[in-house]
Amino acid sequence: MDYDPTAFGCRCDICPLQGKTPCPPEEREDALLLAIAEAPGQIEVQAGRPLVGASGQEFTLALREAGVRREQVSTSNALLCRSPYDLRRLMRGVKAPMVNPIEACRPRLLVEVGRAKALLVMGAVAWSSLTQAPLEAEHTDTDGEDDGTEGRGQSGMMRSRGFPMTLLGK
């Protein structure tokens, strides 16, 4: 499937991830809500679908426990391409020699949000990307190693103050 993010408002021309493979959103016309996560992982990029890796499995389980089928939900990410950058640092305004990739994707995200009946915003980066609120996060390294993986991937988790998983109705 060919997906051109610029056709949906992405500013790939200014993005430092230009040339990377985007993981397109899955939008369903009859969706109950749009779930927005941070960014695709390697599994999502390979599959070409958001939220199909480990976090996607947890997401699907949480939906099931809430009595919602995955087919009833549209899914997307604040950032369409897998990023080698620490998005939380970029979102907190750490100086970088580039445009923040989240800023390049925001116009597309706002178009998707405009079509949604309700939003499920998952995590601090997705919330900050959507609202442009400052990102304040506390990282916890769950694997106990000082390896720089805190708050990222399966070896770490992120606890966010003020940015819980949030369900917003329209």
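Consider the stretch 116-148 and keep the residues that are open to solvent by 60 Å² or more (accessible area, probe 1.4 Å), in contact with a strand residue (DSSP E or B) (Cβ under 9 Å, 6 or more places away or on another chain) and part of a loop (DSSP other than H, G, I, E, B). The one that is modelled with the highest pLDDT is Lys117.
Can you name the residue in the stretch 25-34 that is crowded, with 19+ Cβ neighbours inside 10 Å and of a type outside the set (A, V, I, L, M) and is also nearest to Ala126 (Cα to Cα) among such residues? Taking the candidates together, the pick is Pro25.
Per-residue answers, yes or no, for (1) at pLDDT below 95; (2) open to solvent by 60 Å² or more (accessible area, probe 1.4 Å):
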site	(1), (2)
Met1	yes, yes
Gly19	yes, yes
Ile36	no, no
Ala39	yes, no
Leu51	no, no
Glu58	yes, yes
Glu71	no, yes
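When the stretch 9-24 is filtered for residues that are closer than 17 Å to Ala126 by Cα and not in a loop (DSSP other than H, G, I, E, B), only Pro22 remains.
The values are calculated or read from the model by the stated rules, or taken from the named source; none is laboratory data. Nothing here was measured: the structure is a model prediction, and the numbers come from that model. Counting neighbours? That spans all protein chains shown, and the Cβs are built from the backbone with ideal geometry, glycine included. Surface areas here come from the heavy atoms of the whole protein model, side chains and all, with no ligands, DNA or RNA. Shrake-Rupley method; radii C 1.70, N 1.55, O 1.52, S 1.80 Å.
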